[in-house]
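Asks: I'd like to ask some things about the structure below.
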Amino acid sequence: MVLDKKDDRNVWEKIGDYFSANSIWMKWYCTGCGAIEMPPTMTSRFDMERLGMGPMATPRQADVLLITGYLSTKTLRRVIYSYEQMNSPRFIVAFGSCTINGGIYYDSYATIGRLDKYLPVDLYISGCMPRPETIMNGFSGLIEMIKKGEAKGWKHYQENYEWYKKNQLDSLGKIIIEDEFHE
Amino acid sequence: MNVMNFVYGFIVLVCVFIFQTTLTGLNRKVTARLQKRYGARWYQQFLDIFKALRKDSTSHGWVFDFGVIMALGGIMATVIFIPVAGFQAFPGLDNVFVISYLLAVGMLGMAMSAAGSGNPWASIGVARALTNMLAYDVPLMIVIFTMIFAFDSSSLSEISAMQQGMGILGWNAIRMPLGGIVAIIALLGMLGKKPFDSFIAPAEIASGPMVEYGGKHLGFMFILHEFMTFIEVSIILALFFGGGATIWEYLLKYAILYTFTNIISGVMPRFKIDQAVKYFFKLPLAMAIIQGLVVIFTGLGVTLWF
């Protein structure tokens, strides 16, 4: 699936995108190995608050879902739940080699390979692990993309929901839960 | 009361929003400097609020939506009654009791909305917020009732006018030093600054009452928080630091007081909620009672010390 980059925003969406670009609240999904690179990015050495970025506590409040490192098939389900709880416009930044092609876990039975088969990734930050300089550089790129209206993975997800859903189900399989809430 | 009062009220709301949001942004920079960071842009708080208002939001039912509007409405109504340097949109209605009861409308709206989201973290956050309120309100109210008894007035503008014209020595925080200390500590609790921020603890209970808010709801909550901060700092400023004779004096004192609480917050860890309650019910409560006894039985504090 290739994301189109055509700019079809009206003037209000452009103004809104200016605000979105300069105020990026992130939900960090750090079950992989990348979490250790975030504290230096946040604290006094690199200070990402300069660019208006900051961590938030819940997916409802966040604009960006930052997925660090590999995802096992079990955590993929939780990532999808988290992504679907977020309010649009919402963006996904995938972090580290493992989200691109599986990285060193490319032949593992327990992890997924390409993340963008399951969720619409707007930006990849490659590296194993990406240093804080790379992260800052990557997020400057995301800010530019949001300003130009190129980061529209969330629209893409709405339009191609069947394709994503099929991939998700293929990977996760169906589970049958028997309790009072699922009858 | 005519149509001009409502126009003034609207102007007060707009000015308070712009002033307090700018000040919050500057204080984010102050906090950043304490942590040896460069910090966000001074207008970052505006960007955050407008960004949140721009996003879609998820509803969790009628109570959740209505609670947000009720809270914002209640708090905005309260802001209109706050006297700013003697100026009031509705003259004669700046009674402490009017303000504290109107403030309760906003607080209860917020609690109702958060509990209506159905998230257990939100319920824990609301429970902690109300427990915290119980903790700081008892010592603070003892001091405020003492003051109302001593000065025979419960109007914010009258009490602040009584303190003016004598310089710094006329302030109630200097005349009643123990009461002043209690007021500053209670202000930290009111504003939810550290060490009394256990009800919004982001890493522990996922920001407490705010857990299910996103998009426009969250934007409204941010605006509400700015107004609430203005009310709380203004009450302490008017009662203990003499308000201000002119608007500039008022705003300067306000900025200094708010920044001071923020600096304390920047270097503090966090109390657990039971520790916060125990703390308030020991030293601040004792100081408030001693201050009350001194003022009522000796008259020191009503008359000047010297």
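The values are calculated or read from the model by the stated rules, or taken from the named source; none is laboratory data. Since the structure is predicted, the reported quantities are computational estimates derived from the model, not experimental observations. Here the Cβ is made from the backbone with ideal geometry for all residues, glycine too, and neighbour counts use every protein chain on show. These accessible areas exclude ligands, DNA and RNA; they are computed on the full protein's heavy atoms, side chains included. Shrake-Rupley method; radii C 1.70, N 1.55, O 1.52, S 1.80 Å.
Asks: Please work out the Kirkwood hydrodynamic radius for the range B:223-284, using every pair of different C-alpha atoms, and report it in angstroms with one decimal place.
Replies: Mean inverse Cα-Cα distance, inverted, gives 13.5 Å.
Asks: Rounded to the nearest 100 Å², what's the accessible area chains B and A bury against each other, both chains counted, probe 1.4 Å?
Replies: Approximately 2400 Å², summed over both chains.
Asks: Moving on. Leaving out ligands and nucleic acids, and using a 1.4 Å probe, what accessible area per residue does chain B come to in Å²?
Replies: 43
Asks: Here is a follow-up. Could you run the Karplus curve 6.51 cos²θ - 1.76 cosθ + 1.60 with θ = phi - 60° over the range B:223-229 and give me ³J(HN,Hα) per residue in whole Hz, x for Gly and Pro?
Replies: Calculated HN-Hα couplings, in order: 4, 4, 5, 4, 5, 4, 4 Hz.
Asks: Rank B:Val98, B:Val126 by accessible area, highest first, at a 1.4 Å probe radius?
Replies: Largest to smallest exposure gives the sequence B:Val98, B:Val126.
Asks: Spelling out what I want: for every residue of the range B:196-207, take phi, set θ = phi - 60°, compute 6.51 cos²θ - 1.76 cosθ + 1.60 (Karplus), and round to whole Hz; glycine and proline get x.
Replies: Rounded to whole hertz, the list is 9, 10, 5, 7, 10, 3, x, 7, 9, 10, 6, 6.
Asks: Please report the carbon-and-sulfur percent of the accessible area for the protein assembly as shown; probe 1.4 Å, protein heavy atoms only, DNA, RNA and ligands left out.
Replies: Details: 14730 of 22270 Å².
That fraction is 66 percent.
Asks: At 1.4 Å probe size, what's the solvent-accessible area of B:Ile142? Round to the nearest 10 Å².
Replies: Rounded to the nearest 10, the figure is 50 Å².
Asks: Rolling a 1.4 angstrom probe over the protein chains, ignoring ligands and nucleic acids, what is the accessible area of A:Lys155 in square angstrom, nearest 10?
Replies: A:Lys155 exposes around 60 Å² with every protein chain in place.
Asks: Going toward the positive end of the dipole of the range B:3-298, with +1 on Lys and Arg Cβ and -1 on Asp and Glu Cβ, which of B:Phe281, B:Leu34, B:Leu108 do you reach last?
Replies: Toward the positive end, the furthest listed residue is B:Leu34.
Asks: Choose one answer from A:Leu119, A:Leu71, A:Leu169: the residue with the largest mean-square fluctuation in a GNM of chain A with alpha-carbon springs under 10 Å.
Replies: So, out of A:Leu119, A:Leu71, A:Leu169, the one fluctuating most is A:Leu169.
Asks: Take the eigenvalues of the Cα gyration tensor for the range B:3-298, scale each by 5, and report the square roots as semi-axes in whole Å, largest first.
Replies: Equivalent ellipsoid of the range B:3-298: 30, 23, 20 Å, largest first.
Asks: So which residues of the range B:7-54 lose at least 50 Å² of accessible area, probe 1.4 Å, when you go from the chain by itself to every protein chain present?
Replies: With the partner chains in place, the range B:7-54 has these residues losing at least 50 Å²: B:Arg37, B:Arg41, B:Leu47, B:Lys51, B:Arg54.
Asks: Which whole-number percent gives the relative contact order of the range A:25-172, counting Cα pairs below 8 Å spaced six or more residues apart?
Replies: 23
Asks: A further question on this structure: Does any residue of the range A:30-52 lose at least 40 Å² of accessible area with all protein chains in place compared with its chain alone, and if so which ones (probe 1.4 Å)?
Replies: Listed in order, they are A:Ser44, A:Asp47, A:Glu49, A:Arg50.
Asks: Over the range B:162-209, what relative contact order in percent results from Cα pairs under 8 Å that are six or more residues apart? Intermediate results must be reported in sequence, preceding the final value.
Replies: Numbers: 30 pairs, mean separation 7.2, N = 48.
Here the relative contact order equals 15 percent.
Asks: Still on this structure, please answer the following. Mind running the shape call on the range B:78-235? Use the C-alpha gyration tensor, a ≥ b ≥ c as the square roots of the eigenvalues: rounded below 1.5 for a/c, prolate if a/b tops b/c, oblate otherwise.
Replies: Prolate, since a/c reaches 1.5 and a/b exceeds b/c.
Asks: For A:Glu150, B:Glu204, B:Glu226, A:Glu162, give me the order by solvent-accessible area with a 1.4 Å probe, most accessible first, ignoring ligands, DNA and RNA. Write down the numbers at each step before the final one.
Replies: Details: A:Glu150 50, B:Glu204 95, B:Glu226 0, A:Glu162 135 Å².
Ranked list, largest accessible area first: A:Glu162, B:Glu204, A:Glu150, B:Glu226.
Asks: On to the next question. Set the Förster radius R0 to 22 Å, insert the Cβ-Cβ distance between B:Ser100 and B:Trp62 as r into 1/(1 + (r/R0)^6), and round the FRET efficiency to 0.05.
Replies: 0.20
Asks: To continue, here is another question. Where does the range A:25-172 land on Rg(C-alpha)/(2.2 N^0.38 Å)?
Replies: The value comes to 0.99.
Asks: Of A:Lys27/A:Lys74; A:Lys14/A:Lys166; A:Lys152/A:Lys174, which sit over 22 Å apart, Cα to Cα? The partial results should precede the final answer.
Replies: Values: A:Lys27/A:Lys74 19 Å; A:Lys14/A:Lys166 33 Å; A:Lys152/A:Lys174 29 Å.
Where the Cα-Cα span goes over 22 Å, the pairs concerned are A:Lys14/A:Lys166; A:Lys152/A:Lys174.
Asks: Going 7 Å from the Cα of B:Leu34 toward and past its Cβ, which residues in the range B:252-288 have a backbone nitrogen under 11 Å from where you end up?
Replies: Answer for this model: B:259-269.
Asks: Related question: Ignoring everything but the protein chains, give the 1.4 Å probe accessible area of B:Trp121 in square angstrom, nearest 10.
Replies: 110
Asks: Can you count the Lys pairs in chain B with C-alpha separation below 18 Å, eight or more apart or on different chains?
Replies: For chain B, qualifying lysine pairs total 9.
Asks: Please list the three semi-axes, largest first and in whole Å, of the ellipsoid equivalent to the range B:23-91, using sqrt of 5 times the eigenvalues of its alpha carbon gyration tensor.
Replies: 28, 24, 10
Asks: Can you compute 3J(HN,Hα) from phi for each residue in the range B:131-138, using the Karplus curve 6.51 cos²θ - 1.76 cosθ + 1.60 with θ = phi - 60°, rounded to whole Hz and x for Gly and Pro?
Replies: 5, 4, 4, 4, 5, 7, 5, 5
Asks: Evaluate E = 1/(1 + (r/R0)^6) for B:Thr298 and A:Trp12, where r is the Cβ-Cβ distance and R0 equals 56 Å; express this FRET efficiency to the nearest 0.05. Provide the component values of the computation, followed by the final result.
Replies: Numbers: r = 65 Å, r/R0 = 1.16.
With a Förster radius of 56 Å, E is 0.30.
Asks: Within the range B:163-187, list the residues whose amide N lies under 16 Å from a label point set 7 Å along Cα→Cβ of B:Asp137.
Replies: B:186-187
Asks: What fraction, in whole percent, of alpha-carbon pairs in the protein assembly as shown exceed 32 Å separation?
Replies: Result: 47 percent of Cα pairs exceed 32 Å.
Asks: Taking a 1.4 Å probe, which of A:Val11, B:Val277, B:Val68 shows the most accessible area, and what order do the others take after it?
Replies: The residues order as A:Val11, B:Val277, B:Val68, largest area first.
Asks: Check the straight Cα-Cα distances from A:Lys117 and name the aspartates and glutamates below 13 Å, setting aside those fewer than 8 residues away within the same chain.
Replies: Leaving aside aspartates and glutamates fewer than 8 places away in the same chain, those within reach of A:Lys117 are A:Glu162, A:Asp170.
Asks: Only bridges with both residues in chain A count here: give the DSSP antiparallel percent, nearest 5.
Replies: The answer is about 10 percent antiparallel.
Asks: Set the Förster distance to 41 Å, then compute FRET efficiency between A:Arg77 and A:Arg50 from the Cβ-Cβ distance, nearest 0.05. Kindly include the intermediate steps, with their values, before the conclusion.
Replies: On the way: r = 35 Å, r/R0 = 0.86.
E between A:Arg77 and A:Arg50, to the nearest 0.05, is 0.70.
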